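The values are calculated or read from the model by the stated rules, or taken from the named source; none is laboratory data. Values in this document were obtained by computation on a predicted structure and should not be read as measured data. Quick reminder, even Gly has a Cβ in these numbers, built from the backbone with ideal geometry, and neighbours come from all protein chains shown.
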Amino acid sequence: MAESTNRKTIIGAFVVGGGVLAMAILILFGHMRLFSSSREAVVVFQNSITGLSVGAPVTFRGVKVGSVKSITLRFDPKDHKAYIPVLLTLEPEQIHVVHDSFGGGSVHIQDLIDNGLRAELNVLSFVTGQSNIDLNFDKSTPAIFHPRITRETEIPARLSPVEKLKDTLGQIPVKEMAAHADKTLLSVQELTATLNEQLPPLIASIKATADHSDGTLSAATDAIRDLQKKLDVTLGKMDGLLQTTTSQMAGRGADLHATLASATKTLDTLQTILSPRSVDRANLDAALRDIAASAASLRGFAGDVEHNPQLLLMGRRP
């Protein structure tokens, strides 16, 4: 009887010890806090939250500040949209407030929301597909609340970079691009077929033209060479002619100088003779007057002879 009682006592102590050990393991490794206070908040998503599950960590810039408590699905008949409210359990002791003389020692979650606290779905691993909720401040994202969906304190949601990328890719008109690509491919195929038909004759024509051009170029080259030889001969003759002309001009320079001097002397003499004060000019004028008078007498005598031809035989009577 005593042995049975001792055995039961040992078994009971073993069970109690196992329970305490299990509780310690849960507390240490499961982040379970039996005597710590917690606060709850809700994040309402409209897009897919694939990979997010109950118990997933809630982080603030990578620091764990809570976990996901529940995930539900609600449909609003007013706007005919489905919403996914995710209830978060936040751990206030994870946030330490810097004390100063002007502020208190606690921060309300609503104050954080007013200062731009936002929640987004963060993919932890693209291999496993697990996701968590990450909190951060972003005043550029407008705060959109859903009072018809939840009455809990709501942290506004924002799109993560991955979700933004998905939305951007979703807006790309893939079908239209594929249709255009098909049309372009068909056009390329038609162009290729046309080129296959037209290129051989064109290539043959280009080859013939090239051969003809080679012949023409050779003939032109030969003609240019002959012309160059003739030009060399002509230039040589012109050079000799210029040298001969230069030598002749040099030899005739003295004669030309003497002729110019004689002409200058003659012009000076004529200028002296034709000068109004020159004696030769006066004699010349007198001679010209005598010649004019003689010419007048001859004209008068000629007139008399014309009227009376006998004057040539009889003479003029006194």
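I need the full set of residues from segment 141-167 which are assigned to a loop (DSSP other than H, G, I, E, B), out of contact with any Lys or Arg (no Cβ under 9 Å at 6 or more places or on another chain) and among the charged types (D, E, K, R), in order please.
151, 152
Which one is surrounded by the fewest Cβ atoms within 10 Å (Cβ to Cβ) among residues in segment 72-91 that are hydrophobic (A, V, I, L, M, F, W, C), under 18 Å from residue 39 (Cβ atoms) and without any contact (Cβ under 8 Å) to a residue 60 or more places away in the chain?
90
Let me confirm something: among 137, 145, which residue is modelled with pLDDT of 85 or more, of a type in the set (Phe, Trp, Tyr), closer than 21 Å to residue 82 by Cβ and in the same structural domain as residue 42 (by TED's automatic domain parsing)?
Step by step, each of 137, 145 is checked, and only 145 is modelled with pLDDT of 85 or more, of a type in the set (Phe, Trp, Tyr), closer than 21 Å to residue 82 by Cβ and in the same structural domain as residue 42 (by TED's automatic domain parsing).
Out of the residues in segment 251-282 that are in a helix (DSSP H, G or I), at pLDDT below 75 and of a type in the set (S, T, N, Q), which is farthest from the chain's Cα centre (by Cα)?
Applying the filter and picking the extreme gives 272.
Given the residues 103, 129, which is the only one that is modelled with pLDDT under 85, assigned to a loop (DSSP other than H, G, I, E, B) and under 20 Å from residue 161 (Cβ atoms)?
On inspection, the qualifying residue turns out to be 129.
How many residues are loosely packed, with under 14 Cβ neighbours inside 10 Å and among the polar types (S, T, N, Q) if we restrict to segment 116-168?
4
Regarding residue 161, is this residue closer than 30 Å to residue 134 by Cβ and modelled with pLDDT of 80 or more?
Against the criterion (closer than 30 Å to residue 134 by Cβ and modelled with pLDDT of 80 or more), residue 161 qualifies.
Take residue 69 and decide whether it is among the basic types (Lys, Arg), under 23 Å from residue 143 (Cβ atoms) and either without any contact (Cβ under 8 Å) to a residue 40 or more places away in the chain or crowded, with 16+ Cβ neighbours inside 10 Å (or both).
Yes.
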